[in-house]
Every structure is written in C-alpha cells, then in structure tokens.
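All remarks here apply to the structure that follows.
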Amino acid sequence: MNNTTNDNEMIEKTVQFYIDGAKSGKGDDMKPAFHKDATIFGYIGDDLFAGPIQKLFDWNDKNGPATEIETKITSIDVVGTIATVRLESDNWTGHKFTDFFTLLKVEGTWKIMNKVFHLHA
C-alpha cells in the first residue's frame, strides 16, 4: 500500500466522523474530524455563516438527526501533509450541501482545518 492510498483511507475515516455527526444530529460526534481551531464559511440564503467550527456543532445540535442523509466524497487531493476533500450531501434534513474541506496532517492524524460550504437552493 502506498502512502497516498493510506492517506486517502485516513482522510475518508476523518470525514466519516463529520458524516456520522450529521446522521446522529450531535455536534460532539463530529468533533474528532476537526482541529480545535477549525473554521466554517458559507451562505445560508443571503446571510454569511462564518466563524469558529463550534458554530457548525451548535447548528447540528439544533438541526437534529439527518438519518436519511446521502453522502459521497467526489474528490480527495493530497500533497504531503495537506489535503482537500469535496463532499456532496443530499437530504440533510431536506437540504443539499456541497462542502470543501481543507485538511492538515497534525501529529500523524488528518484534521479538517476549514469547511467552506454551498447550500443548494
């Protein structure tokens, strides 16, 4: 197994924490995917949703479980200790999102440093 394959698998496992948290509706289930200083940016209608990643966890707690969510990682790009992931999520409690994550390999573990999202109309 080459390093890229191993990194891709590790990154997929990191993103799975995020997906599992969406399904459970619990922000705490998402936390292992993110660096403690991670940020989030995107628009909900005309309103910018931006700031510390805790905003996502709080929103997820209020939004509740997305038991019918369908997700697909459509790309992973790795260069050394950095990576990007594109995730498509459909039926997140009736919403469709496209997420771009930037990740950093911190002490051997991949962590999401930033989430930028698009909420589809």
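Which pairs turn up if I take residues in region 48-67 that are within 18 Å of Ser89 (Cα to Cα) and look for partners that are part of a helix (DSSP H, G or I) and hydroxyl-bearing (Ser, Thr, Tyr) with beta carbon separation below 7 Å, at least 6 apart in sequence or on another chain? Short answer, once both residue conditions are applied: Pro65/Ser24.
Return the residues of region 91-109 that are within 29 Å of Asp46 (Cα to Cα) and part of a strand (DSSP E or B); say none if nothing qualifies.
Step one: list which residues in region 91-109 are within 29 Å of Asp46 (Cα to Cα), which gives 91-103.
Asn91, Trp92, His95, Lys96, Phe97, Thr98, Asp99, Phe100, Phe101, Thr102, Leu103, listed by residue number.
One residue stands out in region 43-65 among those that are modelled with pLDDT of 95 or more and in a strand (DSSP E or B): the one that is nearest to Thr98 (Cα to Cα), namely Tyr43.
Suppose we filter Ile112, Ile73, Ile40, Ile19 for residues that are in a helix (DSSP H, G or I) and aliphatic (A, V, I, L, M); which single one remains? Give the steps one after another, and end with the answer.
Numbers: Ile112 fails: in a helix (DSSP H, G or I); Ile73 fails: in a helix (DSSP H, G or I); Ile40 fails: in a helix (DSSP H, G or I).
None of the others qualify; the one that does is Ile19.
Taken residue by residue, region 50-57 has no member that is open to solvent by less than 30 Å² (accessible area, probe 1.4 Å), touching a Leu at 6+ places or on another chain (Cβ under 7 Å) and under 20 Å from Met113 (Cα atoms).
Residues are listed down the side, and each one gets a yes or a no for (1) within 22 Å of Lys111 (Cβ to Cβ); (2) surrounded by fewer than 19 Cβ atoms within 10 Å (Cβ to Cβ):
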site: Glu9; (1), (2): yes, yes
site: Ala22; (1), (2): yes, no
site: Asp28; (1), (2): yes, yes
site: Phe41; (1), (2): yes, yes
site: Thr67; (1), (2): no, yes
site: Glu70; (1), (2): no, yes
site: Gly80; (1), (2): yes, yes
site: Arg86; (1), (2): yes, yes
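Scanning region 20-47 for residues that are of a type in the set (A, V, I, L, M, F, W, C) and free of Cβ contacts under 8 Å to residues at least 60 places away in the same chain yields a count of 1.
The values are calculated or read from the model by the stated rules, or taken from the named source; none is laboratory data. From a predicted model like this one, the values you see are computed outputs, not experimental measurements. Cβ atoms come from the backbone with ideal geometry, glycine included; neighbour counts cover every protein chain shown. To get the accessible areas, we keep the full protein, side chains included, count just its heavy atoms, and leave off ligands, DNA and RNA. Shrake-Rupley method; radii C 1.70, N 1.55, O 1.52, S 1.80 Å.
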